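The values are calculated or read from the model by the stated rules, or taken from the named source; none is laboratory data. Since this is a predicted model, take the numbers as computed values, not measurements. Don't worry about glycine lacking a Cβ; one is built from the backbone with ideal geometry, like all the others, and counts go over all protein chains shown. Accessible surface areas use protein heavy atoms only, side chains included; no ligands, DNA or RNA. Shrake-Rupley method; radii C 1.70, N 1.55, O 1.52, S 1.80 Å.
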Amino acid sequence: MIYDTSTEAMHGLERAWLRNRALSNEILDDRIRSTYDYAIRLATMQRITTRGSVCLDVAFELTQFRREFAKLMDSLSDGGWAYPENTAASQGPGTLAWRGIWHRKSLVESYHEVGKLLHDAVFGLYQAFPVLDEYSLQDVLQQKRLVLSLGGGGGTGFVHLALFQWLEEIGIRPALMTGTSIGSLLGYIRAIQEHYDAALTTLKLPGLWQLTKSVRPYFGPGEHGLMGMWRLDFNEIIKGVIDGFGYTSAPRFSDLKIPFGCVSSGIIQNGIIEKKLEQERSGLSIFKRIPQFSVRNMIKHAAQIGAVATSEHAVCEVEFGLDSLTRQMTVSDAVAFSSLVPTLLNYEMPRHHYRSREIIETIFKRDHLYRLADGGLTSNVPVRAAIKAIRSGNYGHENIYVLGIDVFAPQGVDGIFYPLEQIANVNAIQDARYADAFVRVKYLLSPLNMAPTLGQLRWLNHKFRKTFADEMRIVEYAMQPLKSLASLDLIGF
């Protein structure tokens, strides 16, 4: 049998292994567990950066190790490891993740063989790369870091607050977060805090949604944001929250306490798409709109706009905060552009946000864009953006655990949001394959509930903790540091 020796295949093995061991009642000795985990993590590595900041491409040198290790782990498992394709294609809530089964008895029996494979692979790296030392290798492999990708979906996204609170309670701080739409807004609120303050955040929420002061009717095409019936003054909305956490001015991405990025959708100039969208905009004139004014019609029209843009292949993902150019952008501008539901919301940057305007103009010229729209058109749960950022080398090592939270998956009911859910579902399934776990949350508030009460937030938190308990066990297991390499005397360190 020929085994896939790619690092991506080994990521699948690692994801299945973490899920199995975290949820298993069979406990492994720390030394045995660390030996297996070191071997699995090493098998996933493409690059290792030394303490002297030298980046080493180790993928080729580990080819034989990956082949032998994959063969061994396959022989120890009940049926190998796999990603449930039928689940990925489904539309309901649940967790999309790799799965495999390993039992303690066989793992203990093969522990010495794994140790020898690990020993040979490590010393092979030392010979191939003289600048690599034990401490550099341990820095990369010993401790995983958590990466969160927060999905969009209006009021459904308030479940992200429950996740932040739980992670803070167990002492896990995200190393990087990405978000779309409401996920970008709440991710921003988390990123401005060194440690998450659930009480203060909740108290600030009512002030966050003074929409009567921050939204006004608007019927024009917009300068950078796609047309919408209301223009959003996002900076006024977020001002009270920023002030409450000690910021005297609107922060840039580079000012945040936790690295953060968000995703918008760029409508690409091609002549045809602009004409079609302008036709749709003309249908929203105040004279035609008044007799049909209803939430259902607004959402239906938003889905039609989204369908036009995606069917013409005229959208591209636009990432903010994850590269050197956009890291100097005012975060509130990027979050607003990530949240522009087609035909509903429009946003334009304040004139005094000179740097943001320069950056947006550069992006428009570079990518030949017509307008920006809601990130849900291209990446409603931006896992791929997070992976791309990590692999750029700007956020430390690649030994990460990526958790995607989808709050807008179709729930099997053909409601008013179903057309928009379908658009988001297509790209969400694509992102799911890149995550270590991709959770499609079941118990949520309505997408229209943008001003939840304290009682609703408590209910949401309670439901989340009940349904997310297994996933949190896996996160905690993955984040536990391994024993030091030197302590694994079985393999000669």
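Things worth noting here:
- Legend: residue pairs Lys442/Lys466; Lys275/Lys300; Lys300/Lys388; Lys116/Lys483, Cα-Cα distance threshold 23 Å; pairs beyond threshold, Lys300/Lys388.
- Between Arg458 and His368, the contour length at 0.36 nm per residue exceeds the alpha carbon distance by 27.9 nm.
- Percentage of interatomic Cα-Cα distances in the range 396-493 larger than 24 Å: 44 percent
- Taking the longest Cα principal axis of the chain as reference, the axis of helix 111-128 is set at about 80 degrees.
- For the pair Asp243 and Lys105 in one chain, pulling the backbone fully straight at 0.36 nm per residue adds 44.0 nm over the alpha carbon distance.
- Estimated [θ] at 222 nm from DSSP helical runs (n ≥ 4, -39500 (n - 2.57)) normalised by residues in the chain, nearest 500: -14500 deg cm²/dmol
- Taking Cα atoms only, the orientation of helix 182-191 departs from the longest principal axis of the chain by about 60 degrees.
- Isotropically averaged projected area of the range 123-209, using the convex hull of Cα atoms (one quarter of hull area), nm²: 7.8 nm²
- Normalised contact order of the chain, rounded percent, pairs of Cα under 8 Å and 6 or more residues apart: 23 percent
- In plain terms, the bigger the Kirkwood radius, the slower the diffusion; for the range 17-75, with that radius from Cα pairs, at 37 °C and 0.692 mPa s, Stokes-Einstein puts D at 249 µm²/s.
- Label zone (Asn270, point 7 Å along Cα-to-C-beta; backbone nitrogen cut-off 20 Å) within the range 337-358: 342-343.
- DSSP beta bridges in the chain [antiparallel fraction, %, rounded to 5]: 50 percent
- Rg ratio (alpha-carbon, reference 2.2 N^0.38 Å) - the chain: 1.03
- Nearest-ten-degree value, helix 354-367 long axis tilted from longest Cα axis of the chain: 80 degrees
- With the highest mean first, a sort of the peptides 416-424, 137-145, 12-20 on other beta-carbon atoms found within 10 angstrom per residue produces 12-20, 416-424, 137-145.
- In nm, spacing of pseudo-spin labels at Glu358 and Phe60 (7 Å Cα→C-beta vector): 4.2 nm
- For the range 335-381, the solvent-accessible area with a 1.4 angstrom probe is 35 square angstrom per residue.
- The range 1-44 - percent of accessible surface contributed by carbon and sulfur, probe 1.4 Å: 49 percent
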